[in-house]
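Have a look at the structure below, then the notes.
The values are calculated or read from the model by the stated rules, or taken from the named source; none is laboratory data. This one's a predicted model, so the numbers in the text were calculated from it and none came from an experiment. Cβ placement follows ideal geometry from the backbone for every residue including glycine, while neighbour counts extend to all protein chains displayed. What goes into the accessible areas is simple: the full protein's heavy atoms, side chains included, and nothing from ligands, DNA or RNA. Shrake-Rupley method; radii C 1.70, N 1.55, O 1.52, S 1.80 Å.
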Amino acid sequence: MTSQSASPFTAREFRDALGLFPTGVAVVTALSGAGEKLGVTVSSFSSVSLDPPLVSFGLAKSAHSFDDWVAAPHFAINVLTEEQEHLSTKFARALSDKWSGLSPRRGTAAEVPLLDEALAWFECAKFAQHDAGDHLIVLGRILSFARTPHEGRRPLVFFRSAYHRLHGSEAVKPAE
């Protein structure tokens, strides 16, 4: 249920507050019904369930290829590395040739495009989609996944509306 009353804050204030939560960056890829490659940058990727294995991402309803995304039965999440900031920027631009200069490989489970050198890949079958204001929340059931064989690679991080890099500090494990 949505409220029709005015918010006590502006959209910019809300966005700036959300920007204080650092997120990883991923490119979601799929194929349209006509076989055209789709791709969009997201920072809304999240694990949802281990049993069954589910993940989600948010898709803006204003996306140029929104109808193709809604119809796509499969998609892949490509978790980007620090070295792939250029791919994040490229796939965030609407109406551009996002695939120019790229030769993605086909996934083995869903045959969707996978970006080389990603930190991890998750091939998914669409499980559900839910209306969420100006976005659609898409849930996918994991069919297959893989991680990069290159140890020491780090994720691309988005914080305060900018890309950041993790520093080489030692990881601290949470208490049990």
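Straight-line cross-link reach from K61 at under 17 Å between alpha-carbon atoms covers these aspartates and glutamates, not counting any fewer than eight positions away in the same chain: D131, D134. Count Lys and Arg as plus one, Asp and Glu as minus one, and take only other residues whose Cβ is under 11 Å from that of A109; the net charge is then 0.
Under 1.5 on a/c is rounded, so check that first for the chain, then, if it is not, pick prolate when a/b is larger than b/c and oblate when it is not; a ≥ b ≥ c are the square roots of the alpha carbon gyration tensor eigenvalues. Here the chain falls in the rounded category. Determine the sum of side-chain charges near K126: Lys and Arg each +1, Asp and Glu each -1, restricted to other residues whose C-beta is under 13 angstrom from that of K126. Value of the local net charge: -1.
For the range 122-136, backbone phi angles converted through the Karplus equation (6.51, -1.76, 1.60; θ = phi - 60°) give residue-by-residue couplings of 10, 8, 10, 9, 4, 9, 6, 9, 9, 5, 8, x, 8, 10, 10 Hz, Gly and Pro being listed as x. Backbone amide hydrogens, once placed in the peptide plane, bring L143 within less than 5 Å of E123, C124, A125, excluding anything fewer than 5 places away on its chain.
Considered as an equivalent ellipsoid built on the Cα gyration tensor, the range 26-115 has semi-axes of 19, 16, 14 Å, the largest given first. Expressed as a whole percent, the accessible surface of the range 27-176 that belongs to carbon and sulfur atoms is 53, based on a 1.4 Å probe.
Under 5 Å from the amide H of L38 lie the amide H atoms of A30, L31, S32, each residue being 5 or more positions distant or on a separate chain, with H modelled from the backbone and absent for Pro and chain starts. Phi angles across the range 52-60 convert, under the Karplus curve 6.51 cos²θ - 1.76 cosθ + 1.60 with θ = phi - 60°, into 3J(HN,Hα) values of x, x, 10, 10, 9, 8, x, 10, 5 Hz, Gly and Pro given as x.
On a per residue basis, the chain carries 64 Å² of accessible surface, using protein heavy atoms and a 1.4 Å probe. For the range 16-94, the list of GluC sites (Glu not before Pro) that fall in a loop by DSSP and count at most 15 other C-beta atoms within 10 angstrom reads E36. For H64, no residue has an amide H sitting under 5 Å from its own, ignoring neighbours fewer than 5 places away on the same chain, with H placed 1.01 Å from N.
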